[in-house]
Amino acid sequence: MDFLSEWWNSHVPALQFFYVVAIVSLFAFLSQSAGNISFENTIGKIATVYVTIQSRGAQGGQVELVVEGRLRFVDAVRESGEPITVGTKVRVTSVVDVGTLKVEKLG
């Protein structure tokens with residue numbers, strides 16, 4: 001009888017611990033998202049220039065905007081005009097490719 005009592009007291013807490021870890025891991029796994037972002041949802045939204053956007057489609061500019069509830073930093077280009085400096089508000093006009101938006105200066 002002593003053996004059974006010792007076994008019970010040493011193994012049941014370990015089994016309970018593993019059960020709790022399994023439940024927490026399951027909830028963490030289920031709360032993950034696929035990570036896919038649909039940039040088409042950004043068309044017409046207002047963004048702020050994070051890295052100066054050069055004129056005439058030159059690469060290197062970035063904007064910050066909220067995409068699907070999260071703040072994102074996204075590459076940005078513009079078709080014409082003068083460079084758009086940091087902090088300027090812009091409107092997204094189209095999606096160039098995955099991760100690059102075409103923008104225009106507000107006002």
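Nothing in this text is a laboratory measurement; each read-out follows from the coordinates by a stated rule. Because the structure is a prediction, the values reported are computed rather than measured. Please note: Cβ atoms are built from the backbone with ideal geometry, for glycine as well, and neighbour counts cover all protein chains shown.
For Val67, the residues whose amide H sits under 5 Å from its own are Arg72, ignoring neighbours fewer than 5 places away on the same chain, with H placed 1.01 Å from N. With bins 10 Å wide beginning at 0, the percent of Cα pairs of the chain falling in each bin runs 14, 33, 13, 10, 10, 9, 8, 4, 1. Residue by residue, region 77-94 carries 3J(HN,Hα) couplings of 9, 9, 7, 8, x, 6, x, 9, 7, 4, x, 6, 7, 9, 10, 6, 9, 6 Hz when phi is fed to the Karplus relation 6.51 cos²θ - 1.76 cosθ + 1.60 (θ = phi - 60°); x denotes Gly or Pro. Placing unit charges on the Cβ atoms of the charged side chains and taking the dipole of the chain about its Cα centre, the candidate lying farthest along the positive direction among Gly87, Trp8, Val63 is Gly87.
Annotation note: trypsin sites (Lys or Arg not before Pro) in region 1-71 located in DSSP loop regions with a Cβ neighbour count of at most 11 within 10 Å are Arg56.
For region 1-97, GluC sites (Glu not before Pro) meeting the loop criterion (DSSP other than H, G, I, E, B) and having at most 14 other Cβ atoms within 10 Å: Glu68, Glu79.
Spatially, region 4-43 and region 70-107 are offset by 40 Å when compared through their Cα centroids. The amide H of Val77, built 1.01 Å from its N in the peptide plane, has Leu101, Lys102, Val103 as neighbours under 5 Å, considering only residues 5 or more places off or on other chains. Based on DSSP H segments of at least four residues, each scored -39500 (n - 2.57), the chain has a per-residue ellipticity at 222 nm of -10000 deg cm²/dmol. What the Cα atoms of region 9-55 give is an Rg and a Dmax of 22.8, 73 Å.
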